[in-house]
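Worksheet for the structure shown next.
The values are calculated or read from the model by the stated rules, or taken from the named source; none is laboratory data. None of these values were measured; they are calculated from a predicted model. Please note: Cβ atoms are built from the backbone with ideal geometry, for glycine as well, and neighbour counts cover all protein chains shown. We work out accessible area using only protein heavy atoms, side chains counted, and drop any ligands, DNA or RNA first. Shrake-Rupley method; radii C 1.70, N 1.55, O 1.52, S 1.80 Å.
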Amino acid sequence: MTGHKTTFFKIALISVAMFGFGYLLVPLYDVFCEITGLNGKTGQIDATQATAVYQPDLTRTITVQFIANHNAAMPWEFAPAVNRLQVHPGKLYTTHYIAQNQTGNDMTAQAVPSVAPTAASRYFDKTECFCFSQQHLKAGARKQMPLQFVIDPKIPDRIQTVTLAYSLFDVTQPAN
Amino acid sequence: MSTATADHHGPARGLMRWVTTTNHKDIGSLYLLFALIMFLIGGAMAMVIRAELFQPGLQLVDPQFFNSMTTVHALLMIFGAVMPAFTGLANWLIPMQIGAPDMALPRLNNFSFWLLPFAFTMLLSTFFMNGGGPASGWTLYPPLSLQMDAGFPFMIFAIHLAGISSIMGSINVIVTILNMRAPGMTLMKMPLFVWTWLITAYLLIATMPVLAGAVTMLLTDKFAGTSFFSAAGGGDPVMYQHIFWFFGHPEVYILILPAFGIVSAILPTFARKPLFGYSSMVYATASIAFLSFIVWAHHMFTVGMPVVGELFFMYATMMIAVPTGVKVFNWISTMWRGSMTFETPMLFAVGFIIMFTIGGFSGLMLSIAPADFQYHDTYFVVAHFHYVLVTGAIYSIMAAVYYWLPKWTGHMYDERLGKLHFWISTISVNVLFFPQHFLGLAGMPRRIPDYSVQFADWNMISSLGGFVFGLSQLMFVWIIFKAIRGGRKATDQVWEGAQGLEWTLSSPPPYHSFNQPPTVR
């Protein structure tokens, strides 16, 4: 009987460990995506650091397209100020998105970025972005939301267009 | 605990016998009966699906209900029918095949069975709640699955209970096999059904907890404000697919490995030759189990993986065809130049080999990443997994029931009806699922209640096959019922060519299988 008990606990331990492993997959995938730049996760660096590290490459021009998406339940107006910019790698650029809360309630939103093609995402560094934090807008208010970025000059030559898309989600806490 | 093995006693009387039983045969019968009931309820749902798809347009049910039919049909058939049926067979056969008196942990055995009726009552009760049953497909992808109304937590807890049940069942199987084999029965002398179940049990304890984790994350996303899968909170819905299929792909082998064991037991009996390549069968099973852990993303080729990822999962998936091919060739070699007879179990086993291989081939087609972009989420996928699950897993279970039913009941079943059941089922199941390959290649998406008119003809043919297949399973119920009530007495060996310890016991076997360990040659 003790033999059964030992075997039982050994095997039960495997199941418990695997339950934990299921949860461990979540950070593991994040680390994996960060290393490989998969899933459109962009880099983030400091503005002063960016100008210090990168040498602007004026011989190359890359088109950056800006896209705004709404999550289905998001009633705000949300659009980029310009649809595209011609940029040189290594140089710092600033643009902005415009958001307007058209409802009668104060709301909070979170923008989630994504870069296509995925191969470009690890070279796309933001120094300032409205997506770094949640954005609050009072009822009817309108806001320019800034975005500052630099493209790493090491970006592969075959990439000539980079598309930056934001999806805007409603994260307003329901009043209890 | 240990007293049960020593004294001789029969089963208790009355209904409480079944509630309190710790006997492996009683629990095996309960599992099999439960699986049969779930098979019939899940089958009735399939009939609703095929009736709605009989013609284009919305005829019988509204789309939401249709979607919950496809979802719950899958959940019932996978977790309620095939898995409990295999566990039932394991309960009945493993102690008899390794020369043990009972399972190692009889009370745990009772508990793991009795969780199931509660789990599935809870799942089915969601149909009577606000918003109806789950309608997101059995994979429960968020954010769609999170839109389910009042029934959501009931569905999640039903999956938890069913998962706990199969984990405990598997632990029991492993402890029994590792600790209770008769003296002389080394691992490499075990019947293949025992081997395949041992490996299946390891797959279950490794993957069911991951599913439990995934659905728990869904639960906390909905009710506790976490955002594992919500992009707004920094999560990612694709993450769910990775976690789910990390469970989901080993799961499909959980549903087929015991079937390999069953077929490997039946073929030698009716070919009157020993199994060809026993040890390669064991190694092939183990390799399939190992590979099943590194191929999950072939279910999600279209989520936007990098090319390297697509290629890795494509090649790894194709590699599974190698050990599976070894098995199929071994089975064919076992039959080669044997003196074969075709009693019902043999018919189902041979049918299994042919039709499972068809499903295997369409699986190979799906494994080709660039081609999968066309096949993904079409009826081609539906045809593929029904060939491997209906004419694969379910056929093997039917073969097993016909093969061991005389041993269990002491009566021969009606051979004429059994053969009739096989032929009607086999013809109708092919009329049912083969046209779905054509529908899928032509672009008909799965999980839709209505379709464009060019798909009308094959859908009607498929539905007709479905109705015949569904009704012919009532024959199966009748044949089993008849054999339990009476019939020609079965001998101890039952089949002329049957080999193995279970055939040395009387038919029906004593309440406690082996009180004295048998000698193993």
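Kindly provide the set of residues from the range B:143-156 that are open to solvent by less than 10 Å² (accessible area, probe 1.4 Å) and not aliphatic (A, V, I, L, M), ordered by number. Reasoning before the result, please.
First, pick out the residues of the range B:143-156 that are open to solvent by less than 10 Å² (accessible area, probe 1.4 Å): B:145, B:151-152, B:155-156.
B:SER145, B:GLY151, B:PHE152 - these are the residues of the range B:143-156 that are open to solvent by less than 10 Å² (accessible area, probe 1.4 Å) and not aliphatic (A, V, I, L, M).
Based on this model, can you work out whether B:LEU211 counts as open to solvent by less than 20 Å² (accessible area, probe 1.4 Å), more than 9 Å from chain A (Cβ to nearest Cβ) and either in a helix (DSSP H, G or I) or within 19 Å of B:SER170 (Cβ to Cβ) (or both)?
So B:LEU211 fails the test.
For the range B:468-521, give me each residue that is acidic (Asp, Glu) and part of a loop (DSSP other than H, G, I, E, B).
B:ASP492, B:GLU496
Kindly indicate which of B:ILE156, B:ILE174 is in a helix (DSSP H, G or I), β-branched (Val, Ile, Thr) and either more than 10 Å from chain A (Cβ to nearest Cβ) or touching a His at 6+ places or on another chain (Cβ under 8 Å) (or both).
Just a single option satisfies the conditions, and that option is B:ILE156.
Can we say A:THR172 is within 21 Å of B:ALA232 (Cα to Cα), of a type in the set (Ser, Thr, Tyr) and not in a strand (DSSP E or B)? Explain how you work it out, then say what you get.
Details: within 21 Å of B:ALA232 (Cα to Cα): yes; of a type in the set (Ser, Thr, Tyr): yes; not in a strand (DSSP E or B): yes.
It is true that A:THR172 is within 21 Å of B:ALA232 (Cα to Cα), of a type in the set (Ser, Thr, Tyr) and not in a strand (DSSP E or B).
Per-residue answers, yes or no, for (1) in contact with a Gly (Cβ under 7 Å, 6 or more places away or on another chain); (2) among the hydrophobic types (A, V, I, L, M, F, W, C); (3) assigned to a helix (DSSP H, G or I):
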{"position": "B:THR357", "(1), (2), (3)": "no, no, yes"}
{"position": "B:GLY360", "(1), (2), (3)": "no, no, yes"}
{"position": "B:LEU364", "(1), (2), (3)": "no, yes, yes"}
{"position": "B:PHE380", "(1), (2), (3)": "yes, yes, yes"}
{"position": "B:HIS384", "(1), (2), (3)": "yes, no, yes"}
{"position": "B:VAL388", "(1), (2), (3)": "yes, yes, yes"}
{"position": "B:THR391", "(1), (2), (3)": "yes, no, yes"}
{"position": "B:ILE397", "(1), (2), (3)": "no, yes, yes"}
{"position": "B:ALA400", "(1), (2), (3)": "no, yes, yes"}
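Could you check the range A:87-106 and list, in sequence order, the residues that are open to solvent by 20 Å² or more (accessible area, probe 1.4 Å) and over 17 Å from A:GLN148 (Cβ atoms)? Steps first, answer last, please.
First, the residues of the range A:87-106 that are open to solvent by 20 Å² or more (accessible area, probe 1.4 Å): A:88, A:91-94, A:96, A:98, A:100, A:102-106.
Within the range A:87-106, A:GLN100, A:GLN102, A:THR103, A:GLY104, A:ASN105, A:ASP106 qualify.
Any residue that is among the acidic types (Asp, Glu) and without any contact (Cβ under 8 Å) to a residue 24 or more places away in the chain - is there at least one of those in the range B:232-249?
Residues of the range B:232-249 that are among the acidic types (Asp, Glu), as a first pass: B:236.
Among the residues that remain, those that are also without any contact (Cβ under 8 Å) to a residue 24 or more places away in the chain are: B:236.
Within the range B:232-249, one or more residues are among the acidic types (Asp, Glu) and without any contact (Cβ under 8 Å) to a residue 24 or more places away in the chain.
Name every residue in the range B:180-208 that is in contact (Cβ under 8 Å) with a residue 60 or more places away in the chain, out of contact with any Ser or Thr (no Cβ under 9 Å at 6 or more places or on another chain) and open to solvent by 20 Å² or more (accessible area, probe 1.4 Å), in order of residue number.
Scanning the range B:180-208 gives B:MET180, B:ARG181, B:LYS189.
Could you run through the range B:83-112 and say how many residues are open to solvent by 10 Å² or more (accessible area, probe 1.4 Å), away from every other protein chain (no Cβ under 14 Å) and among the hydrophobic types (A, V, I, L, M, F, W, C)?
Here the count works out to 2.
Sort through B:MET300, B:MET208, B:MET305, B:MET217 and tell me the only one that's in contact with an Asp or Glu (Cβ under 9 Å, 6 or more places away or on another chain) and not aromatic (Phe, Trp, Tyr). Walk me through how you get there before you give the answer.
On the way: B:MET300 fails: in contact with an Asp or Glu (Cβ under 9 Å, 6 or more places away or on another chain); B:MET305 fails: in contact with an Asp or Glu (Cβ under 9 Å, 6 or more places away or on another chain); B:MET217 fails: in contact with an Asp or Glu (Cβ under 9 Å, 6 or more places away or on another chain).
Exactly one of B:MET300, B:MET208, B:MET305, B:MET217 is in contact with an Asp or Glu (Cβ under 9 Å, 6 or more places away or on another chain) and not aromatic (Phe, Trp, Tyr), namely B:MET208.
Just need a number here: residues in the range A:117-131 that are open to solvent by less than 50 Å² (accessible area, probe 1.4 Å) and at the interface with chain B (Cβ under 10 Å from one of its Cβ atoms).
1
If a residue must be more than 11 Å from chain A (Cβ to nearest Cβ) and β-branched (Val, Ile, Thr), how many such residues does the range B:214-253 contain?
Looking only at that region, the number is 1.
When the range B:293-318 is examined, which residues are found to be open to solvent by less than 20 Å² (accessible area, probe 1.4 Å), out of contact with any Ser or Thr (no Cβ under 8 Å at 6 or more places or on another chain) and more than 14 Å from chain A (Cβ to nearest Cβ)?
Once the filter is applied, which keeps residues that are open to solvent by less than 20 Å² (accessible area, probe 1.4 Å), out of contact with any Ser or Thr (no Cβ under 8 Å at 6 or more places or on another chain) and more than 14 Å from chain A (Cβ to nearest Cβ), the range B:293-318 yields B:PHE301, B:ALA316.
Quick one: how many residues across the range B:214-226 are open to solvent by less than 40 Å² (accessible area, probe 1.4 Å) and not β-branched (Val, Ile, Thr)?
Within the range B:214-226, residues that are open to solvent by less than 40 Å² (accessible area, probe 1.4 Å) and not β-branched (Val, Ile, Thr) number 5.
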